[in-house]
Amino acid sequence: MSLNIVLFGPPGAGKGTQSEKLVNKYGLVHLSTGDIFRANIKQETNLGKMAKTYMDAGNLVPDEVTIGMLEAEVKKNSQARGFIFDGFPRTPAQAEALDKFLDSIGEKITVMLALQVPEEELVKRLLLRGKDSGRPDDQDENIVRKRIQVYHDQTAVLADYYGKQGKFHGIDGIGEIDTIFDRLCGIIGSEMN
Ligand code: AMP
């Protein structure tokens, strides 16, 4: 059985940063739906053009599109030792689709790691990132707050979804990057035994 991690948390919680470190330590494939959308925007694909209208407004890209894209990426990496799902799932429909899909290939989510960071800290981090990331959705405080609102309205409920499966773990996302990484590894270690 592979190690399949849902790395969860609001925008700015540190999912991307911690994903990089987890990839290095555990040799997993990192699938960030946000990164895949941004790559499509850069390449000016139809998918990218469609996604951009939602992303620029701080809204979610429709489930159908996102789920199809994610499944295709998993299939492309059939030899993977496991995956880090970063920024996916973001709705109950996505979570259910992911469970169904993984089941169909004899896999499942091992654990959900939820990075917890207070809202004002998230806004501060995102606006700071916006100064050099070039991400338009990080540069406007209204859009940043809108994304956090969308997280509360549509995504936060997934903590319960994974909680019911006994897979939810909340992690304090405040502190040094390495300290937070150690917290994540502590949980992963105990799940792998
Ligand atoms: P992120 O890089 O995870 O912050 O995502 C940036 C933007 O991409 C989000 O604000 C959404 O517009 C879109 N996006 C990323 N992942 C998803 C997803 N799983 N479902 C819907 N939209 C997504």
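The values are calculated or read from the model by the stated rules, or taken from the named source; none is laboratory data. Keep in mind that this is a model prediction, so the values were computed, not measured. Every residue, glycine among them, receives a Cβ derived from its backbone with ideal geometry; neighbour counts consider all protein chains shown. Quick note on the areas: whole protein, heavy atoms, side chains included, nothing else; ligands and nucleic acids left out. Shrake-Rupley method; radii C 1.70, N 1.55, O 1.52, S 1.80 Å.
Annotation note: of Asn4, Asn40, the sole residue that is within 14 Å of the ligand (Cβ to nearest atom) and either of a type in the set (S, T, N, Q) or under 16 Å from Asp137 (Cα atoms) (or both) is Asn40.
Kindly indicate whether any position in segment 23-38 is farther than 23 Å from Ile171 by Cβ, over 13 Å from the mean Cα position of the chain (by Cα) and open to solvent by less than 50 Å² (accessible area, probe 1.4 Å). Break it down into steps so the answer makes sense when it comes.
Initial filter on segment 23-38 (farther than 23 Å from Ile171 by Cβ): 36-38.
Applying the additional criterion that residues be over 13 Å from the mean Cα position of the chain (by Cα) yields 38.
Remaining after also requiring open to solvent by less than 50 Å² (accessible area, probe 1.4 Å): none.
There is no residue in segment 23-38 that is farther than 23 Å from Ile171 by Cβ, over 13 Å from the mean Cα position of the chain (by Cα) and open to solvent by less than 50 Å² (accessible area, probe 1.4 Å).
Among residues of segment 34-63 that are of a type in the set (D, E, K, R), those with a beta-carbon under 8 Å from a residue that is open to solvent by 60 Å² or more (accessible area, probe 1.4 Å) at least six positions away or on a different chain give the pairs Asp56/Pro136. Among the candidates Asn142, Asn193, the residue that is open to solvent by 30 Å² or more (accessible area, probe 1.4 Å) and modelled with pLDDT under 95 is uniquely Asn193. Only a single criterion out of (1) within 30 Å of Ile174 (Cβ to Cβ); (2) aliphatic (A, V, I, L, M); (3) open to solvent by 40 Å² or more (accessible area, probe 1.4 Å) is not satisfied by Val6, namely (3).
If you go through segment 88-109 and keep only what is within 14 Å of the ligand (Cβ to nearest atom), farther than 11 Å from Glu71 by Cα, aliphatic (A, V, I, L, M) and open to solvent by less than 20 Å² (accessible area, probe 1.4 Å), you end up with just Ala95.
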